[in-house]
């Protein structure tokens, strides 16, 4: 019986072999022939797509019928059967390391590989395959800027939504994606040699001296796009009050040392500088470390908003702002709520002693707190126990800004026998 079964199996194999001898073998190095070109083959099912692309600017692979340049015809780990992950497949052809995309400062969509946030992958009525007209495209993300630009005086390129006159779209070697240096950009339209230009600037040769120090490049509530707050001498074109005359070989040199010059008008401010603890820029006579001598969008002619300005010198705050819990004044950049900007009588330029300062906002918390103040000593330092003995005044990873977990770790810093 076993022999008979074996003979039957061998006979079946022989029959299969006879009939399959002439059949082509898949995977033997020969591609199975397609019935049509890729273009015609794909459009057999995707007729609707072909119709939507007619009369538009078409992506080169689409125009060439090269659908498989981007899509796998059978299977893929990526949506739409694309060959590479979404943040990478455009760079398969458009070299990511080219100067166009990698010049030092990258536009966020380029950085994240989100090309389709601006471009259509197949066809568009817009040039460069843009999803919508360029004037609408930029404001799709930069909505806050659009609101800011809605002021009485608007720079002409901004009014026409010609962002690309000044900004590179993908990357730039300059901050803010500028195509050229700020003054060089301005000079393309504003000729510093014209009589009107010279008169407007009291005959000083300012064409290469930082236009954006005095003018907002986008929009302003002030005529001539000047910044919101103007230093009085500048507003009255009394430049020679601080600088040598415009016909001098060095017209921008100050007539006196910086701090002496500022004191000429701001004598009252100098009175407070006699306090025992003085901010470093004040002791160095560097008023312009924090204040613009010409114009600013910030109160008191501050060069930047207070958060950015203070962090320029106090580098540790970048790390502090990244912690889980940030004190509200710190998060809002309100350093001056607790600190004197110029000089003070308490350590760290605080506006009052720690206990008094904290009570100004946290009056209720003090009523039920751990013993503190006069007569209560911190065993670690021997100094008076106050709020910052347990709480970080700026930020912490712990609840209530404590230095340690308050369930136990915080307490045993002092209460060792517990």
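When you check residue 164 against the structure, is it closer than 30 Å to residue 127 by Cβ and crowded, with 17+ Cβ neighbours inside 10 Å, yes or no? No; evaluated as a whole, the condition is false for this residue. Considering region 204-275, the qualifying helices (runs of 4 or more DSSP H), each wholly inside and each with 3 or more residues that are touching a residue at least 12 places away in the same chain (Cβ under 8 Å) and closer than 30 Å to residue 344 by Cβ, run over 258-265.
Of the residues making up region 131-142, none is under 25 Å from residue 97 (Cα atoms), surrounded by fewer than 18 Cβ atoms within 10 Å (Cβ to Cβ) and touching a residue at least 60 places away in the same chain (Cβ under 8 Å). Applying the set (1) touching a helix residue (DSSP H, G or I) at 6+ places or on another chain (Cβ under 6 Å); (2) within 22 Å of residue 227 (Cβ to Cβ) to residue 343 leaves exactly one unmet item: (2).
The residue that is farthest from residue 215 (Cα to Cα), counting only those in region 102-154 that are more than 16 Å from the chain's Cα centre (by Cα) and assigned to a strand (DSSP E or B), is 123. For the residues 313, 290, the requirement of being at pLDDT 95 or above, surrounded by 12 or more Cβ atoms within 10 Å (Cβ to Cβ) and under 19 Å from residue 343 (Cα atoms) singles out 290.
Does region 54-77 hold any residues that are closer than 13 Å to residue 120 by Cα and in a strand (DSSP E or B), and which are they? Answer for region 54-77, where residues must be closer than 13 Å to residue 120 by Cα and in a strand (DSSP E or B): 57, 58. Going by what's in this entry, would residue 224 be described as exposed (fewer than 14 other Cβ atoms within 10 Å of the Cβ) and at positive phi? For residue 224, the condition - exposed (fewer than 14 other Cβ atoms within 10 Å of the Cβ) and at positive phi - is met. Residues that are farther than 23 Å from residue 131 by Cβ, out of contact with any strand residue (DSSP E or B) (no Cβ under 6 Å at 6 or more places or on another chain), surrounded by fewer than 12 Cβ atoms within 10 Å (Cβ to Cβ) and modelled with pLDDT of 90 or more do not occur anywhere in region 16-35. Taken together, the residues in region 325-364 that are under 11 Å from residue 394 (Cα atoms) and loosely packed, with under 13 Cβ neighbours inside 10 Å amount to 1.
For residue 225, the criteria (1) in contact with a strand residue (DSSP E or B) (Cβ under 6 Å, 6 or more places away or on another chain); (2) within 30 Å of residue 340 (Cα to Cα) hold in every case but one, which is (2).
The values are calculated or read from the model by the stated rules, or taken from the named source; none is laboratory data. Just so we're clear, the structure is a prediction, and the values are computed from it rather than from any experiment. Here Cβ is always computed from backbone atoms with ideal geometry, including for glycine, and neighbour counts include all displayed protein chains.
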